[in-house]
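Inspection log for the structure reproduced underneath, given as structure tokens.
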Amino acid sequence: MTTGTTGTTGPAAPAGFGTAYHRLTGAAGISAVGDGMRFAALPLLSAALLHEAFQVSVVTAATTVPWLLFGLPAGAYADRFERQRLMVLADLLRAGTLIVTAVLLATGRLTFWPLVAAAFLLGVGEVLFDCASFALLPGVVPKDRLEAANGRLFAVQTVGRDLLGHVLGGILFAAGRAVPLVLDALSFLASAALLRGVRGPRPAPPAGRPHLLGEIREGLEHVVRDPLLRALTVSAGLINAVYLGQVAVFVILVRDVLHLPSAAYGALVAAGAVGGVIGGATASRISRAAGRVPTLLGGLVLIGAAGAAVAATGSVAVVAVAYSASGFALMLWNVVAVSLRQGLIPDRLLGRATGVYRLFAWGTMPLGALLFGALTEATGPRTAFAAGGAVILALALAVAPVLFRDGRARYETTTGATGATGATEATGESAANESGLTPEPASERDD
């Protein structure tokens, strides 16, 4: 392993990302458009076919349950098997699920339990794909381009899912209920075809007989025992709880406080997505110019200030600017934090660490939605946004000492995953940089 320090300024960026990265980005972009269409169409389909609100909510919840059940095992398998093949398998699983769902819909046999099963299988595919993809990326791009690579990837996903897919999903559902499902299936097949040409580092064969529980424990201990990884993981959980909580009540603020129609709500949500795209496209340059730690803390401060601004105003223009600024800052944090995390973790543990990280980061989202919903019910949506802003500002104060104290949070050579350049030996160990959260994909939430 190579360790050492090269100073606190960012390394000079080499040109190009390579064919594997462009294939990975193309697959992610195509799939994101399909996902956006499905995210918009599946609730509409559930509401049209089912007659109870509880059943509709069960279908929605079924897509997230696999993270709780399989997040840690999926991470272990992403470290045990070739990651590109796991991603192709996940795409084929989701494509097959959607095709069967469309057939059942066309034949009038799509009822509650088939819908729940389909949502669950789509969630399983997402778990497998995400654990493998976040672990694969550091192996196909140069280490000192991780932030730029993540920024472009997240921007492509945000445009595809939140700006194109969501709009197309509603329009195409009106044209035919099965159309978004079929097109999403085709997007997964196209993604699988592109990914077949991607080759990352192969996992080293295990020293002995692999034990799943032991592998999971190793990944969990690596995250828990590292102060910087632990801080990034806790931050992800808090950010996501606030983010989803505010998203859940934003429609109430738009309707009851700003007194705007539904179309204006969609426009304000799109403003947040535009901010996210800009954040993804500029994160690497901002981080290199200002420094990684100031960028991370500045992103948190801007998220908190945006929440306070939304709470304090009745101006539609101010809310639009604040929501866009929040999307920008959240994406800024995600790109830098995800890249940092990818560089801090050895390649052999990347999948497991991603599973641990996602389990905690995503596990807080339903809790945030419930808490902010209860707060809004009791005191109104302004209080929810003010409270969320205060939590994020307090988080910035709490995490600042850890980031400033740990030199790995700056642009220094770290022990990390194998990159497309700079590998030192056949073991695939190389100098790396890293970050800690992601939007995953998935809207602008912290991935």
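The values are calculated or read from the model by the stated rules, or taken from the named source; none is laboratory data. Small disclaimer: the values here were computed from a predicted structure and weren't measured. Counting neighbours? That spans all protein chains shown, and the Cβs are built from the backbone with ideal geometry, glycine included. The protein model used for the area step is the full one, side chains on, heavy atoms only, and it has no ligands, DNA or RNA in it. Shrake-Rupley method; radii C 1.70, N 1.55, O 1.52, S 1.80 Å.
Can you tell me which of Ala305, Ala374, Ala309 is aliphatic (A, V, I, L, M), under 30 Å from Val159 (Cβ atoms) and either at pLDDT below 95 or touching a helix residue (DSSP H, G or I) at 6+ places or on another chain (Cβ under 6 Å) (or both)? Exactly one of Ala305, Ala374, Ala309 is aliphatic (A, V, I, L, M), under 30 Å from Val159 (Cβ atoms) and either at pLDDT below 95 or touching a helix residue (DSSP H, G or I) at 6+ places or on another chain (Cβ under 6 Å) (or both), namely Ala309. Which residues, taken from the range 88-147, are within 19 Å of Ile30 (Cβ to Cβ) and not in a helix (DSSP H, G or I)? Listed by number, the list holds a single entry, Val140. Pairs linking a residue in the range 248-264 that is without any contact (Cβ under 8 Å) to a residue 40 or more places away in the chain and surrounded by fewer than 20 Cβ atoms within 10 Å (Cβ to Cβ) to a residue that is of a type outside the set (Ser, Thr, Tyr) and outside any helix (DSSP H, G or I), with Cβ atoms under 9 Å and 6 or more positions apart or on different chains, are Arg255/Pro261. Filtered by the rule that a residue be open to solvent by less than 50 Å² (accessible area, probe 1.4 Å), assigned to a helix (DSSP H, G or I), closer than 21 Å to Val338 by Cβ and modelled with pLDDT under 90, the range 193-235 gives Gly219, Val223. Of all residues in the range 53-100, those being closer than 11 Å to Leu128 by Cβ and without any contact (Cβ under 8 Å) to a residue 12 or more places away in the chain number 1. Within the range 175-192, the set of residues being in contact with a helix residue (DSSP H, G or I) (Cβ under 9 Å, 6 or more places away or on another chain), aliphatic (A, V, I, L, M) and open to solvent by 20 Å² or more (accessible area, probe 1.4 Å) comprises Ala178, Val179, Val182, Leu183, Leu186, Leu189, Ala190. Just wondering, is there one or more residues in the range 300-310 that are buried (at least 19 other Cβ atoms within 10 Å of the Cβ), over 21 Å from Ser235 (Cα atoms) and among the hydrophobic types (A, V, I, L, M, F, W, C)? Scanning the range 300-310, I find at least one residue that is buried (at least 19 other Cβ atoms within 10 Å of the Cβ), over 21 Å from Ser235 (Cα atoms) and among the hydrophobic types (A, V, I, L, M, F, W, C), so the answer is yes. Answer with yes or no whether Gly266 is in contact with an Asp or Glu (Cβ under 8 Å, 6 or more places away or on another chain) and either modelled with pLDDT of 95 or more or not charged (D, E, K, R) (or both). Here the answer is no, as Gly266 does not meet what is asked.
Within the range 64-88, being more than 17 Å from Ala361 (Cβ to Cβ) and not hydroxyl-bearing (Ser, Thr, Tyr) holds for Pro73, Ala76, Asp79, Arg80, Phe81, Glu82, Arg83, Gln84, Arg85, Leu86, Met87, Val88. Within the range 87-138, being hydroxyl-bearing (Ser, Thr, Tyr) and within 24 Å of the chain's Cα centre (by Cα) holds for Thr97, Ser133. Contact map, the range 266-289: first residue in contact (Cβ under 8 Å) with a residue 40 or more places away in the chain and more than 12 Å from Ser326 (Cα to Cα), second residue open to solvent by less than 20 Å² (accessible area, probe 1.4 Å) and hydroxyl-bearing (Ser, Thr, Tyr), Cβ cut-off under 6 Å, separation 6 or more or different chains; pairs are Ile286/Thr295; Ser287/Thr295.
Scanning the range 15-49 for residues that are over 19 Å from the mean Cα position of the chain (by Cα), over 16 Å from Phe188 (Cβ atoms) and crowded, with 17+ Cβ neighbours inside 10 Å yields a count of 5. Scan the range 134-152 for residues that are open to solvent by 20 Å² or more (accessible area, probe 1.4 Å) and at pLDDT 85 or above and the total you get is 1. Residues of the range 250-277 being β-branched (Val, Ile, Thr), within 18 Å of Ala309 (Cβ to Cβ) and within 18 Å of the chain's Cα centre (by Cα), which ones? Result: Val269, Val274.
So that you can scan it fast, the table gives a plain yes or no per residue for (1) under 24 Å from Arg85 (Cβ atoms); (2) aromatic (Phe, Trp, Tyr); (3) in contact with a Lys or Arg (Cβ under 8 Å, 6 or more places away or on another chain):
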{"site": "Gly125", "(1), (2), (3)": "yes, no, yes"}
{"site": "Pro142", "(1), (2), (3)": "yes, no, no"}
{"site": "Arg145", "(1), (2), (3)": "no, no, no"}
{"site": "Gln157", "(1), (2), (3)": "yes, no, no"}
{"site": "His166", "(1), (2), (3)": "no, no, no"}
{"site": "Phe173", "(1), (2), (3)": "no, yes, no"}
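Across the range 392-406, what is the total count of residues that are open to solvent by less than 60 Å² (accessible area, probe 1.4 Å) and assigned to a helix (DSSP H, G or I)? Total meeting the criteria: 8.
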